[in-house]
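*Asks:* One structure coming up, written as structure tokens, with questions to follow.
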Amino acid sequence: MSLDFKSPIISHNGYINEKVIIEKGDKLRAYFNSDVHISRKIFSIYMELIQNIFYYSCEKTEVNEQSYSVGSIEIVYEYF
């Protein structure tokens with residue numbers, strides 16, 4: 001029997017704005033900074049996911065009289 005371990009790299013549940021996109025993207029790039037090829041691939045996938053929430057989420061919330069999309073994203077590193 002083997003144990004699988006998952007380590008979260010980034011996780012967010014709530015409203016999405018430009019600040020969240022940048023902060024999580026910077027954290028993701030820093031995590032994979034030793035491998036540019038992997039970093040670009042993972043970052044591209046992250047941007048596609050987060051932009052889908054940002055532009056197309058049906059769930060919205062208001063913060064300081066501004067409407068934001070709401071969603072969840074989690075990227076994990078899985079150890080086998």
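*Asks:* Residues of segment 23-80 being within 20 Å of Pro8 (Cβ to Cβ) and among the aromatic types (Phe, Trp, Tyr), which ones?
*Replies:* Tyr31, Phe32, Phe43, Tyr46, Tyr77, Tyr79, Phe80
*Asks:* Can you tell me which condition Tyr77 does not meet? The list is (1) surrounded by 13 or more Cβ atoms within 10 Å (Cβ to Cβ); (2) out of contact with any Phe, Trp or Tyr (no Cβ under 6 Å at 6 or more places or on another chain); (3) aromatic (Phe, Trp, Tyr), and all the others hold.
*Replies:* For Tyr77, the failing item is (1).
*Asks:* May I pose another question? I'm trying to understand the selection: among the residues of segment 26-74, which are assigned to a strand (DSSP E or B) and exposed (fewer than 14 other Cβ atoms within 10 Å of the Cβ)?
*Replies:* Those that are assigned to a strand (DSSP E or B) and exposed (fewer than 14 other Cβ atoms within 10 Å of the Cβ): Lys60, Thr61, Glu62, Val63, Gln66, Ser67, Ser72, Glu74.
*Asks:* All but one of (1) without any contact (Cβ under 8 Å) to a residue 60 or more places away in the chain; (2) touching a Ser or Thr at 6+ places or on another chain (Cβ under 6 Å) hold for Glu59; which doesn't?
*Replies:* (2) is the only condition that Glu59 fails.
*Asks:* Is segment 8-25 home to any residue that is surrounded by 12 or more Cβ atoms within 10 Å (Cβ to Cβ), charged (D, E, K, R), part of a helix (DSSP H, G or I) and within 13 Å of the chain's Cα centre (by Cα)?
*Replies:* Yes, the conditions are met somewhere in segment 8-25.
*Asks:* Hey, another quick one. Name the single residue that is farthest from Val76 (Cα to Cα) among those in segment 28-48 being among the aliphatic types (A, V, I, L, M) and in contact with a strand residue (DSSP E or B) (Cβ under 9 Å, 6 or more places away or on another chain).
*Replies:* Ile45
Values in this text are rule-based calculations from the coordinates and carry no lab data. Model, not experiment: these values are computed from the prediction. Don't worry about glycine lacking a Cβ; one is built from the backbone with ideal geometry, like all the others, and counts go over all protein chains shown.
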